[in-house]
Each structure stands twice: as structure tokens, then as C-alpha cells.
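Beneath this line is the structure, given in C-alpha cells, with notes to follow.
The values are calculated or read from the model by the stated rules, or taken from the named source; none is laboratory data. Note that this is a predicted model, so its numbers are computed, not measured. Heads up, the Cβs are rebuilt from the backbone with ideal geometry, glycines too, and the neighbour counts pull from every protein chain shown. We work out accessible area using only protein heavy atoms, side chains counted, and drop any ligands, DNA or RNA first. Shrake-Rupley method; radii C 1.70, N 1.55, O 1.52, S 1.80 Å.
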Amino acid sequence: MIKKLLLASAATALLTGAASAADLPRRAAPPPVFTPVPVFTWTGAYFGINAGYAFDASSNNTNSFAVPFPYGNGTTAFFNQRNQEGFSGGGQVGYNFQFTPGSGIVVGIEADAQYLDFGRNRNNAFVVGPLAPGYYVTDPRGLSSLDFFGTVRGRIGYAFDRVLFYGTGGFAYGSGSADRSFGGFAGNDSFRTGYAVGGGIEYALPTDSFLNFFRSSAVTLKVEGLYVNLDRNTRNQGAFVINAANNFPVAYNTIGRRDDEFAVVRAGLNYKFGSY
């Protein structure tokens, strides 16, 4: 009888414990972990390459030159500065700062150096009247003397995430070879300075782009247009009568001022380093 009472008490205790355990609250599951996606920013340094085409943007006015006696007799030479165009390519380095990651205002600075190929054609004259045998008339002004140019420009724009629209402007310089000197007299000043203005659009590819050879934080592609004006200081420069036998100038007359003005349309590839 006592044994039965003990077994019944033990069974009752077990059932009561199980019921109490079932009534206890269960341990809550841990909250899911979310990894934030980095917000793209244009802030950082970059370098890259570019290539495009350059076009003569000068006024191309026709100028005239009265050929002096004895090389001419009532002879007039007319010059129409021919349009010139050609390949342009080079590289650039710069730095951007974006005030608010994602979309926002972007400011920066960029320097570039460019090769130019405008050809080597002189602006020879159309002569009306007699010209002494063994002489010709030429105007050494023109873009064909330019071999390269460069700029140092500020940039300001607005970014819509990975797309950047910007304007740019600043200092420009250029130089050419001395292959158009006449008998040791330089027909073109070798170095000139001026300004450049323009704008463009730039797009940042994903970091894992196949173009990311340098493991940069972003690879960007851009299309840009620039207008470049280089002051050649040609107020006292003009046309020459040249002795064809020794390529030496024998007469000179001032025609007028002409700056080197050209436009460049180019595409570029940049590698950005720094912030994501």
C-alpha cells in the first residue's frame, strides 16, 4: 500500500514538472544581421588616359599682304587660314571631393597633358600679280605648329549616385616644334598660354569590373568636350617673302593677331582610389 502511494506521488510530481516546463516562455531567436551596402562617393584621387579629336575653332579670316618691290610689282598675297583638325590623346590625374555620398555636389581639380596632330601644312598664299622667280609668300601662323597642349582645371558638378555631370575650366598651355623656322627666324613662338573651358559626363563602373586592372575603388568612363584658346601674342607677326633657294625670309609685313583656338572632343578612362 505504501509502495503504491510512493509511485503515485512520483508520477504526479513528474506530470506537474512537465506541465510547468511547458508553460515557461521560449527563448527568443536572435535578430537577423543586416550588412549595409556602401554608398558610392566620388571622393578620391584618380589617374587615367583619354583619346579624341581636335578641331580648329578660329575665325579663319582672310588677310592680305602687299608684296614689296622688287619681289613683287603691285602684287598682293591673300591668306585664308585653313581649318585644321586631327587626333588628340594623352593622360590625366586629379582629385574629387563629394560633399554628400550618393547624390550631391562634387568639386575637384584635374591636370592633363595631350599630344596633338594637326598636320604640317603651311598656310601658303594665293598671289595676285607678278612674283619674282625663286620666291614664295607664306604666313607662319596656324595650328599646324602645335605638337602638344595641357591644362590645369577646376571641376564642379552634381552626382546622381554613379553618374556625374560637370563643368570645367582653367589654365591651358601649348607648344610646338621649331620645324617652321625660316633661315633661323622662328615663325612661331614655341610656348604659349591661355585658358580652357568645357564640360562632360562621367559614369562609375562597379568595383569588380573587368577593366579594374589596378584594384581601384572604382573605374570611371567619361565623355568630355573642351574649348582651348592659346594666346600666341601675334600682334607683330605676319607674312614673309621667302627665298626658296635658302629658305630665308627677305621681306616681312604684319598681318594681324591670331590666337590658337581649337575644340577637343574626347573619351577617357579613370582609375579612382580612396573612398568607396
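Could you work out how much longer the chain between Y53 and F78 gets when fully extended? Use 0.36 nm per residue separation minus the Cα distance between them, nm to one decimal. Intermediate values should be presented prior to the final figure.
Working: separation 25, 0.36 × 25 = 9.00 nm, distance 2.91 nm.
The span from Y53 to F78 would gain 6.1 nm if fully extended.
At 0.36 nm per residue, minus the direct Cα-Cα distance, what do F273 and D161 gain on full extension? Give it in nm, one decimal, please. Could the numbers behind the result be given before it?
Values: separation 112, 0.36 × 112 = 40.32 nm, distance 1.68 nm.
Gain on stretching F273 to D161: 38.6 nm.
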* With every protein chain present, what accessible area does S64 have (1.4 Å probe, heavy atoms only), rounded to the nearest 10 Å²? -> 70 Å²
* Name the long-range amide H neighbours of S64: under 5 Å, sequence gap of 5 or more, or other chain; modelled H, no Pro or chain starts. => F79
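Once you list every other residue whose beta carbon is under 10 Å from the beta carbon of A263, what net charge do they have if Lys and Arg are +1 and Asp and Glu are -1?
Numbers: positive: none; negative: D56, E85, E261.
Once positives and negatives cancel, what remains is -3.
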* Order the peptides 96-108, 149-161 from the highest to the lowest mean number of other Cβ atoms within 10 Å of their residues. => 149-161, 96-108
* Can you sort F126, F69 by 1.4 Å-probe accessible area, starting with the largest? => F69, F126
